[in-house]
Amino acid sequence: DIQMTQSPSSLSASVGDRVTITCRASQSISIYLNWYQQKSGKAPKVLIYAVSSLQSGVPSRFSGSGSGTDFTLTISSLQPEDFATYYCQQSYSTPYTFGQGTKLEIK
Amino acid sequence: QVQLVESGGGVVQPGRSLRLSCAASGFSFNSYAMHWVRQAPGKGLEWVAVISYDGSNILYADSVKGRFTISRDNSKNTLNLQMNSLRDEDTAVYYCARDLGRGPPAAVYGMDVWGQGTTVTVSS
């Protein structure tokens with residue numbers, strides 16, 4: 001199975017900050033890397049798919065980059081509604097594993 | 001509007017069975033692969049199974065292989081998950097989710113529509 005490791009596991013930041021979350025795969029996953037946001041008690045929501053493709057309706061302050069095994073999710077200017085848990089997921093091969101999550105909290 | 005609604009969750013004893021359903025509306029159900037993803041209390045997301053748009057390709061996580069069966073009825077716009085021989089560790093919120101495409105063997109690019117989840121508790 002491909003292991004997905006996110007860092008950091010938690011992060012405190014302020015409104016307006018630029019934030020970067022990283023995700024490392026245990027082997028190359030080509031472009032098959034997706035990012036989700038999950039708010040407490042709610043279903044996940046896809047933000048980015050295929051490394052850098054912004055899902056329709058997602059604000060442009062979210063962006064993704066990377067290749068091979070190392071990927072990043074960047075939020076250019078944090079908004080109050082962005083405080084949530086973020087997960088990366090590989091869809092290169094089954095099982096389509098998720099990272100352990102990064103909880104983004106208000107400083 | 002595009003919507004997925006899960007049902008069928010509940011409390012069940014270890015070793016027993018449960019069947020989850022997911023009703024799809026607002027899109028061409030027979031054009032998309034579908035997934036089940038679960039989340040144990042206080043834990044992260046775990047992918048469970050995927051079924052291609054036409055039901056011809058099905059893949060499972062090792063943790064449920066041989067016990068769970070994913071299926072779909074494109075005439076009724078319904079996705080199902082038959083869960084047998086349930087274990088304590090199957091306790092979770094179960095989400096159905098739409099794939100961005102047709103699914104295996106084609107490329108899988110993640111899940112763009114999710115249901116609200118249904119809770120399964122396995123306990124004696």
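The values are calculated or read from the model by the stated rules, or taken from the named source; none is laboratory data. Model, not experiment: these values are computed from the prediction. Every residue, glycine among them, receives a Cβ derived from its backbone with ideal geometry; neighbour counts consider all protein chains shown.
Brief remarks follow.
- Residue list for region B:22-54, restricted to those being farther than 30 Å from A:SER9 by Cα and surrounded by fewer than 17 Cβ atoms within 10 Å (Cβ to Cβ): B:ALA23, B:SER25, B:GLY26, B:PHE27, B:SER28, B:ASN30, B:SER31, B:ASP54
- The residues on offer are A:LEU54, A:LEU33, A:LEU104, A:LEU47, and the sole one that is touching a helix residue (DSSP H, G or I) at 6+ places or on another chain (Cβ under 8 Å) and closer than 24 Å to B:ALA97 by Cβ is A:LEU104.
- Matching residues, region B:69-106, being surrounded by fewer than 21 Cβ atoms within 10 Å (Cβ to Cβ), in contact with a strand residue (DSSP E or B) (Cβ under 8 Å, 6 or more places away or on another chain), more than 13 Å from chain A (Cβ to nearest Cβ) and under 14 Å from B:ILE51 (Cβ atoms): B:THR69, B:SER71, B:ASP73, B:ASN77, B:THR78, B:ASN80, B:GLN82
- Within region A:58-107, tally of residues that are of a type in the set (D, E, K, R) and free of Cβ contacts under 8 Å to residues at least 12 places away in the same chain: 1
- Test: residue in region A:10-22 that is of a type outside the set (Asp, Glu), crowded, with 18+ Cβ neighbours inside 10 Å, within 30 Å of B:GLU6 (Cα to Cα) and in contact (Cβ under 8 Å) with a residue 12 or more places away in the chain: no
- Taken together, the criteria place B:LYS65 among residues that are within 13 Å of another protein chain (Cβ to nearest Cβ), more than 12 Å from the chain's Cα centre (by Cα) and not small (Gly, Ala, Ser).
- Counted as qualifying within region A:17-107 are the strands (runs of 3 or more DSSP E) with 1 or more residues that are more than 10 Å from chain B (Cβ to nearest Cβ) and modelled with pLDDT under 95, namely A:62-67, A:102-106.
- The residues listed here are B:TYR109, B:TYR60; of these, the one that is in contact (Cβ under 8 Å) with a residue 12 or more places away in the chain, among the aromatic types (Phe, Trp, Tyr) and within 14 Å of another protein chain (Cβ to nearest Cβ) is B:TYR60.
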